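Undergrad: Before I ask anything, let me first share the structure, which is written out below as structure tokens.
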Amino acid sequence: MSISELSSLLKEAETGGLAAIAAARDQAGLGRARAAVLGRKAPLARVRSALSDLDEEQRRELGRRANEVRTRLEGALEQRERAFRAAEESNRWQRERLDVTLPGDEPRLGGLHPLTKTIWEIVDIFSGLGYRVADGPEVELTSYNFDALNFDAQHPSRSEQETYYIGETGEVLLRTHTSPVQMRVMESSEPPVYVVCPGRTYRRDVLDPTHLNSFAQIEGLAVDEGITMADLKGTLQAFARELFGRDLDIRLRPHFFPFTEPSAEMDVLCFVCRGSGCRVCKQEGWIEILGCGMVNVPLLEWAGYDIERYTGFAFGLGAERVAALAHGVPDIRYFYENDLRFLRAFEGVA
Ligand SMILES: [Zn+2]
């Protein structure tokens, strides 16, 4: 090739090369352009391989210009390369940008178990009346569970068919009620005593819609000077109105418990039919809620209290029964089946 042909080939290498680089639409296109302008078959390479045919002076002159063209082409490639990288980076930021204004996945919050709510509600009512909460062991001594509470030696509750004993001696058992907590409170403190004792209790009952072999009980005890049956009734009336409704009456029916004398069962006027009879009250018009009575004298004596000076009353109820009544639950076993469909029905129920 003549020097003028090589010269125009070099010009073409530059203008064509720059055009090819400018035409690349993406990184891959730029890679193809790079091969086309700097590769072994590119115009620039052909100019370079023809240089050896030229004389010394022309070779130096055209070689210098060829180097300049190569530098310009490489510069253009690098610039485009940088532009593509910057664009890709910015795309990635856009794609992966965290939009903090979008609504998130809301986690499902758990709630308190309906029995826990009922127990807290009852404890709250008595706290408002000045009672404090007392606690005691679930594995209890028979002496506190039965003897101190005036159960005679033949009482059927003491039988192994009724009570879970621990070991062979008959001296240790799973408490059958929370009453031993009251005995422990009286044993360790002087009147006035105003306590509520919520806790788990155990009986060898056959499971059915109204019986469990482990259940939550709440008992209350008040011992002070001059306490009468009227105080008991007034306290329970206030409690029932707070729990079931402002205008519901209660009534006391005579009953027997070893630890109270006289003893009674308390009914509340049916909060569904208000006395006319319905399914909830089994057509009675009244619903049995709890057992109660005046603290039996032998218990006060056991505690070392002055029986001439102090009298008291006590009451006890089952949390499952009250919760079932309050929420229309037909079978108290539902409270222990941990079926979320059942438990979620109580979300937000105070
Ligand atoms: Zn009714």
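Undergrad: Assess whether D247 counts as being surrounded by fewer than 17 Cβ atoms within 10 Å (Cβ to Cβ) and touching a strand residue (DSSP E or B) at 6+ places or on another chain (Cβ under 9 Å).
TA: yes
Undergrad: From the list E219, E225, which residue is surrounded by fewer than 17 Cβ atoms within 10 Å (Cβ to Cβ), of a type outside the set (V, I, T) and modelled with pLDDT of 90 or more?
TA: Working: E219 fails: surrounded by fewer than 17 Cβ atoms within 10 Å (Cβ to Cβ).
Answer to the check: E225.
Undergrad: Just the residues that are touching a residue at least 24 places away in the same chain (Cβ under 8 Å), surrounded by fewer than 17 Cβ atoms within 10 Å (Cβ to Cβ) and among the aliphatic types (A, V, I, L, M), please, taken from region 256-288.
TA: V280, the sole residue that qualifies.
Undergrad: Among all residue pairs at least 6 apart or on different chains, which show Cβ distances below 6 Å where the first residue, located in region 299-311, is closer than 11 Å to I227 by Cβ and the second is buried (at least 20 other Cβ atoms within 10 Å of the Cβ) and modelled with pLDDT of 95 or more?
TA: Y310/V223
Undergrad: Against the conditions (1) assigned to a helix (DSSP H, G or I); (2) among the charged types (D, E, K, R); (3) under 27 Å from R80 (Cα atoms), where does E5 fall short? Just the number, please.
TA: Against the list (1) assigned to a helix (DSSP H, G or I); (2) among the charged types (D, E, K, R); (3) under 27 Å from R80 (Cα atoms), E5 comes up short only on (3).
Undergrad: For residues in region 24-39 being within 14 Å of R70 (Cβ to Cβ) and touching a residue at least 40 places away in the same chain (Cβ under 8 Å), which is farthest from the chain's Cα centre (by Cα)?
TA: Looking at the filtered set, the residue picked out is V37.
A quick yes/no check of all residues on (1) surrounded by fewer than 18 Cβ atoms within 10 Å (Cβ to Cβ); (2) farther than 17 Å from P298 by Cβ:
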position: D147; (1), (2): yes, no
position: D152; (1), (2): yes, no
position: S157; (1), (2): yes, no
position: G167; (1), (2): yes, yes
position: G170; (1), (2): yes, yes
position: L174; (1), (2): no, yes
position: M183; (1), (2): no, no
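Undergrad: Answer yes or no as to whether V196 is of a type outside the set (D, E) and closer than 23 Å to E261 by Cα. Write out each step before concluding.
TA: On the way: of a type outside the set (D, E): yes; closer than 23 Å to E261 by Cα: yes.
Yes: the conditions hold for V196.
Undergrad: State whether one or more residues within region 115-122 are within 31 Å of the chain's Cα centre (by Cα) and outside any helix (DSSP H, G or I). Break it down into steps so the answer makes sense when it comes.
TA: Keep residues of region 115-122 that are within 31 Å of the chain's Cα centre (by Cα), which gives 115-122.
After this cut, where a residue has to be outside any helix (DSSP H, G or I) as well, the list is none.
Looking for residues that are within 31 Å of the chain's Cα centre (by Cα) and outside any helix (DSSP H, G or I), one finds none in region 115-122, hence no.
Undergrad: How many residues are of a type in the set (V, I, T) and over 17 Å from S127 (Cα atoms) if we restrict to region 190-245?
TA: The qualifying residues number 5.
Undergrad: Examine region 287-300 for a residue that is assigned to a loop (DSSP other than H, G, I, E, B), over 35 Å from the mean Cα position of the chain (by Cα) and within 16 Å of the ligand (Cβ to nearest atom), and state whether such a residue exists.
TA: no
Undergrad: Give N150, N213 a once-over and let me know the one that is within 27 Å of the chain's Cα centre (by Cα), at pLDDT below 95 and among the polar types (S, T, N, Q). Quick ask: steps written out before the conclusion?
TA: Values: N150 fails: within 27 Å of the chain's Cα centre (by Cα).
Of the residues listed, the single one that is within 27 Å of the chain's Cα centre (by Cα), at pLDDT below 95 and among the polar types (S, T, N, Q) is N213.
Undergrad: Right, something else. Of all residues in region 11-70, how many are touching a helix residue (DSSP H, G or I) at 6+ places or on another chain (Cβ under 6 Å), of a type in the set (D, E) and within 22 Å of E88 (Cβ to Cβ)?
TA: Counting residues in region 11-70 that are touching a helix residue (DSSP H, G or I) at 6+ places or on another chain (Cβ under 6 Å), of a type in the set (D, E) and within 22 Å of E88 (Cβ to Cβ) gives 0.
Undergrad: In region 301-342, how many are part of a strand (DSSP E or B) and within 23 Å of H177 (Cα to Cα)? Break it down into steps so the answer makes sense when it comes.
TA: Residues of region 301-342 part of a strand (DSSP E or B): 310-318.
Those left that are additionally within 23 Å of H177 (Cα to Cα): 311-318.
Residues meeting the conditions: 8.
The values are calculated or read from the model by the stated rules, or taken from the named source; none is laboratory data. No experiment lies behind these values; they were computed from the predicted model shown. With ideal geometry, Cβ positions are generated from the backbone for all residues, glycine too; neighbour counts draw on all protein chains shown.
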